[in-house]
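Undergrad: Starting off with a structure, shown below.
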Protein chains: 2
Amino acid sequence: MIASTPDPPYYAVIFTSVRTGEDHGYAEMANRMVELARQQDGFLGVESARNEIGITVSYWRDLESIRKWKEHFEHSIARQKGRMEWYKSFKTRIAKVERDYGFEREE
Amino acid sequence: MIASTPDPPYYAVIFTSVRTGEDHGYAEMANRMVELARQQDGFLGVESARNEIGITVSYWRDLESIRKWKEHFEHSIARQKGRMEWYKSFKTRIAKVERDYGFEREE
């Protein structure tokens, strides 16, 4: 689903990753992290897709809510496991959304 | 592939879309647009993944290079066809990357 976000400015965390072959509870962790992120103050939405690479973009009210989510205990553990097992490589980019526009087909 | 981008600041265009069932040369257009984007001044890289939704993030030096790419003739035609045929809905977000960090597994 395309995330329904408020008018800019707000923040995007663009997380791009390449997986290892290891599974070990990856899907459960990924689902749990989305569930947990949704409960955080300042969370605005998330979009995710994967084939050769995975791209997850989460949207946040401000840098403070991103910082808190990064320091969330359960998320820290998941991030550590990500480095140990699940990801061959990843890149995280913190970006301020300045403008957005959309299109919705009329049926 | 994870895009290899310079140190921030730079810009990201986050394009999230839901496809219609229509094909009509979609893959050719998508490949051509990436090929063409790579030739533009200020282009820094692109990442793309699709399953239920598609996410394409392209990276640019500044807003001026994004504006020029948006006005590129062939790209305009493709965007028009996107609205007419290929996309059920999409959202485009222009964001300034302020910070990034990565991880690369040592083999």
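Undergrad: Out of (1) within 14 Å of the chain's Cα centre (by Cα); (2) facing chain A (nearest Cβ under 7 Å); (3) of a type in the set (A, V, I, L, M, F, W, C), the odd one out for B:VAL97 is which?
TA: With respect to (1) within 14 Å of the chain's Cα centre (by Cα); (2) facing chain A (nearest Cβ under 7 Å); (3) of a type in the set (A, V, I, L, M, F, W, C), B:VAL97 is out only on (1).
Undergrad: Residues B:ALA78, B:ALA30, B:ALA49: which one is within 30 Å of A:GLU85 (Cα to Cα) and not β-branched (Val, Ile, Thr)? Break it down stepwise before answering.
TA: Values: B:ALA78 fails: within 30 Å of A:GLU85 (Cα to Cα); B:ALA30 fails: within 30 Å of A:GLU85 (Cα to Cα).
The conditions single out B:ALA49.
Undergrad: On to the next question. Looking at (1) within 14 Å of chain B (Cβ to nearest Cβ); (2) surrounded by 15 or more Cβ atoms within 10 Å (Cβ to Cβ); (3) touching a residue at least 24 places away in the same chain (Cβ under 8 Å), find the lone condition where A:PRO6 falls short.
TA: (2)
Undergrad: Among the candidates A:HIS24, A:HIS72, single out the residue that is surrounded by fewer than 16 Cβ atoms within 10 Å (Cβ to Cβ) and more than 22 Å from B:THR56 (Cα to Cα). Full working, then the answer.
TA: Working: A:HIS72 fails: surrounded by fewer than 16 Cβ atoms within 10 Å (Cβ to Cβ).
Only one candidate qualifies: A:HIS24.
Undergrad: Which condition does B:ARG38 not pass, out of (1) of a type in the set (Lys, Arg); (2) at the interface with chain A (Cβ under 8 Å from one of its Cβ atoms); (3) under 30 Å from A:THR20 (Cβ atoms), if it passes all the others?
TA: All conditions are met except number (2).
Undergrad: Output the number of residues of the range A:28-53 satisfying the condition of being outside any helix (DSSP H, G or I) and either touching a residue at least 24 places away in the same chain (Cβ under 8 Å) or out of contact with any Asp or Glu (no Cβ under 8 Å at 6 or more places or on another chain) (or both).
TA: Summing the residues that are outside any helix (DSSP H, G or I) and either touching a residue at least 24 places away in the same chain (Cβ under 8 Å) or out of contact with any Asp or Glu (no Cβ under 8 Å at 6 or more places or on another chain) (or both) in the range A:28-53 gives 14.
Undergrad: Within the range A:78-107, take every residue that is open to solvent by less than 90 Å² (accessible area, probe 1.4 Å) and aliphatic (A, V, I, L, M) and give me the one that is farthest from A:HIS24 (Cα to Cα). Steps first, answer last, please.
TA: Taking the range A:78-107 first, the residues open to solvent by less than 90 Å² (accessible area, probe 1.4 Å) are A:78-79, A:81-82, A:85-87, A:89-98, A:100-103, A:105.
Among the residues that remain, those that are also aliphatic (A, V, I, L, M) are: A:78, A:94-95, A:97.
Values: A:ALA78: 12, A:ILE94: 28, A:ALA95: 31, A:VAL97: 35 Å.
It comes out as A:VAL97.
Undergrad: Another one. Do the conditions hold for A:GLU104, that is, is it more than 14 Å from chain B (Cβ to nearest Cβ) and either of a type in the set (D, E, K, R) or under 11 Å from the mean Cα position of the chain (by Cα) (or both)?
TA: On the way: more than 14 Å from chain B (Cβ to nearest Cβ): no; either of a type in the set (D, E, K, R) or under 11 Å from the mean Cα position of the chain (by Cα) (or both): yes.
For A:GLU104, the condition - more than 14 Å from chain B (Cβ to nearest Cβ) and either of a type in the set (D, E, K, R) or under 11 Å from the mean Cα position of the chain (by Cα) (or both) - is not met.
Undergrad: Any residue at all in the range B:44-52 that's modelled with pLDDT of 95 or more, under 23 Å from A:VAL97 (Cβ atoms), among the small types (Gly, Ala, Ser) and open to solvent by 30 Å² or more (accessible area, probe 1.4 Å)?
TA: yes
Undergrad: Go over the candidates A:THR16, A:THR56 one by one and state the one that is within 14 Å of chain B (Cβ to nearest Cβ), open to solvent by 40 Å² or more (accessible area, probe 1.4 Å), of a type outside the set (A, V, I, L, M) and not in a loop (DSSP other than H, G, I, E, B).
TA: Numbers: A:THR16 fails: open to solvent by 40 Å² or more (accessible area, probe 1.4 Å).
Answer to the selection: A:THR56.
Undergrad: Regarding B:SER4, is this residue among the small types (Gly, Ala, Ser) and either within 17 Å of A:ARG50 (Cα to Cα) or in a helix (DSSP H, G or I) (or both)?
TA: Working: among the small types (Gly, Ala, Ser): yes; either within 17 Å of A:ARG50 (Cα to Cα) or in a helix (DSSP H, G or I) (or both): no.
For B:SER4, the condition - among the small types (Gly, Ala, Ser) and either within 17 Å of A:ARG50 (Cα to Cα) or in a helix (DSSP H, G or I) (or both) - is not met.
Undergrad: Identify, from the list B:GLU64, B:GLU47, B:GLU71, B:GLU85, the residue that is at the interface with chain A (Cβ under 7 Å from one of its Cβ atoms) and of a type in the set (D, E, K, R). First the steps, then the outcome.
TA: Details: B:GLU64 fails: at the interface with chain A (Cβ under 7 Å from one of its Cβ atoms); B:GLU71 fails: at the interface with chain A (Cβ under 7 Å from one of its Cβ atoms); B:GLU85 fails: at the interface with chain A (Cβ under 7 Å from one of its Cβ atoms).
Step by step, each of B:GLU64, B:GLU47, B:GLU71, B:GLU85 is checked, and only B:GLU47 is at the interface with chain A (Cβ under 7 Å from one of its Cβ atoms) and of a type in the set (D, E, K, R).
Undergrad: Let me ask something additional. List every residue pair whose Cβ atoms sit under 8 Å apart, with the two residues 6 or more apart in sequence or on different chains, where the first one lies in the range B:67-81 and is within 13 Å of B:ARG32 (Cα to Cα) and the second, anywhere, is aromatic (Phe, Trp, Tyr) and open to solvent by less than 80 Å² (accessible area, probe 1.4 Å).
TA: From residues that are within 13 Å of B:ARG32 (Cα to Cα), the pairs are B:HIS75/B:TRP69.
The values are calculated or read from the model by the stated rules, or taken from the named source; none is laboratory data. Model, not experiment: these values are computed from the prediction. Glycine also receives a Cβ, built like all others from the backbone with ideal geometry; neighbour counts cover every protein chain displayed. Accessible surface areas use protein heavy atoms only, side chains included; no ligands, DNA or RNA. Shrake-Rupley method; radii C 1.70, N 1.55, O 1.52, S 1.80 Å.
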